[in-house]
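Trainee: What follows is a structure written as structure tokens; I'll ask about it next.
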Amino acid sequence: MGLFFLILVVVVLVIGTLWWCEKKVPSGQITCGLGLWDISRHEFDALFNERKFSALTSWVNTPYLSQFFAGAVNGINTCVFTISRSRYSPITLGVLLTSLNLAIPNFILRTKTFTEEVGDMLGIGEHHASFPQSLLDMYEISSEDEGTFAAMLRPETVTFFLQHEGMSAEYRDGALLVTPSLISNDQNYEPAVRLAHALAQLLGQAG
């Protein structure tokens, strides 16, 4: 009788957890399995702690953000959200890692716009001479200390960016914002989080 009661309790707990995931998190068991729970836009904004990420603010067209999920993944405070650059842009995923202690200067590394690519072809683009040319061919890079950041770009980190073309990253005062070119669907939550954590680990080894 005791064994039957124990099994019944376990079944109820499992079913209850799955029900909670489906009710609490629109992305269901996938985000719940990662340890992420939905948060409000107000809670999401509070994670930035007055940090101004260029990827999320623009005087031309401010991206639309929605569906915010946050929690501790592998000991790192992680938030996944959806981002749309414009009305006609695809809805992709963004990952924000907070409370990082990376010994690197603040930086922005983003994919080039068409205008920047044309500027490079015309020879009017300005880049820090220390950045690897292979990286400059694909990304626009800036940092508060470009010389130091360029020196910290280990070959493994450069290769990582080259292998994930379309991904942008920005580090600002202990928080890393990664926007991989992954469409927003349940199957891409885990790859997006894994990619952001892998980049944080590479950058952590740079210091």
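Trainee: I need the full set of residues from segment 55-109 which are without any contact (Cβ under 8 Å) to a residue 40 or more places away in the chain, in contact with a strand residue (DSSP E or B) (Cβ under 8 Å, 6 or more places away or on another chain), farther than 21 Å from Ile183 by Cα and hydrophobic (A, V, I, L, M, F, W, C), in order please.
Mentor: Ala72
Trainee: Sticking with this structure for a sec: Going by what's in this entry, would Ser86 be described as open to solvent by 50 Å² or more (accessible area, probe 1.4 Å), modelled with pLDDT under 90 and not in a strand (DSSP E or B)?
Mentor: Taking the combined requirement at face value, the residue does not satisfy it.
A quick yes/no check of all residues on (1) over 13 Å from the mean Cα position of the chain (by Cα); (2) modelled with pLDDT of 90 or more:
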| position | (1), (2) |
| --- | --- |
| Ser143 | yes, yes |
| Thr148 | yes, yes |
| Glu156 | yes, yes |
| Met167 | no, yes |
| Ser181 | no, no |
| Tyr189 | no, yes |
| Ala196 | no, yes |
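Trainee: Has segment 21-38 got any residue that is modelled with pLDDT of 85 or more, of a type outside the set (Asp, Glu), touching a Gly at 6+ places or on another chain (Cβ under 9 Å) and open to solvent by 30 Å² or more (accessible area, probe 1.4 Å)?
Mentor: Within segment 21-38, one or more residues are modelled with pLDDT of 85 or more, of a type outside the set (Asp, Glu), touching a Gly at 6+ places or on another chain (Cβ under 9 Å) and open to solvent by 30 Å² or more (accessible area, probe 1.4 Å).
Trainee: Please determine whether any residue of segment 63-73 is part of a loop (DSSP other than H, G, I, E, B) and open to solvent by 20 Å² or more (accessible area, probe 1.4 Å).
Mentor: no
Trainee: Exactly one of (1) at pLDDT below 85; (2) surrounded by 13 or more Cβ atoms within 10 Å (Cβ to Cβ) is unmet by Gly16. Its number?
Mentor: (2)
Trainee: Which members of segment 89-103 meet the condition of being open to solvent by 10 Å² or more (accessible area, probe 1.4 Å) and outside any loop (DSSP other than H, G, I, E, B)?
Mentor: Thr92, Thr98, listed by residue number.
Trainee: Oh, and also: Which count do you get for residues in segment 158-207 that are closer than 23 Å to Leu56 by Cβ, assigned to a helix (DSSP H, G or I) and among the polar types (S, T, N, Q)?
Mentor: The qualifying residues number 1.
Trainee: I've got another one for you. Please find, among Ala175, Ala198, Ala192, the residue that is closer than 21 Å to Val80 by Cα and either open to solvent by 20 Å² or more (accessible area, probe 1.4 Å) or charged (D, E, K, R) (or both).
Mentor: Unique residue meeting the criteria: Ala198.
Trainee: Same structure, new question: Six or more apart or on different chains, Cβ atoms under 7 Å: show the pairs whose first residue is in segment 148-163 and closer than 11 Å to Leu109 by Cβ and open to solvent by less than 50 Å² (accessible area, probe 1.4 Å) and whose second is of a type in the set (S, T, N, Q) and in a helix (DSSP H, G or I).
Mentor: Val158/Ser134
The values are calculated or read from the model by the stated rules, or taken from the named source; none is laboratory data. This structure is a prediction, so every number in the text was calculated from the model and none was measured. Cβ coordinates were reconstructed from backbone atoms using ideal geometry, including for glycine residues, and neighbour counts include every protein chain displayed. Surface accessibility is based on the protein's heavy atoms, side chains included, excluding ligands, DNA and RNA. Shrake-Rupley method; radii C 1.70, N 1.55, O 1.52, S 1.80 Å.
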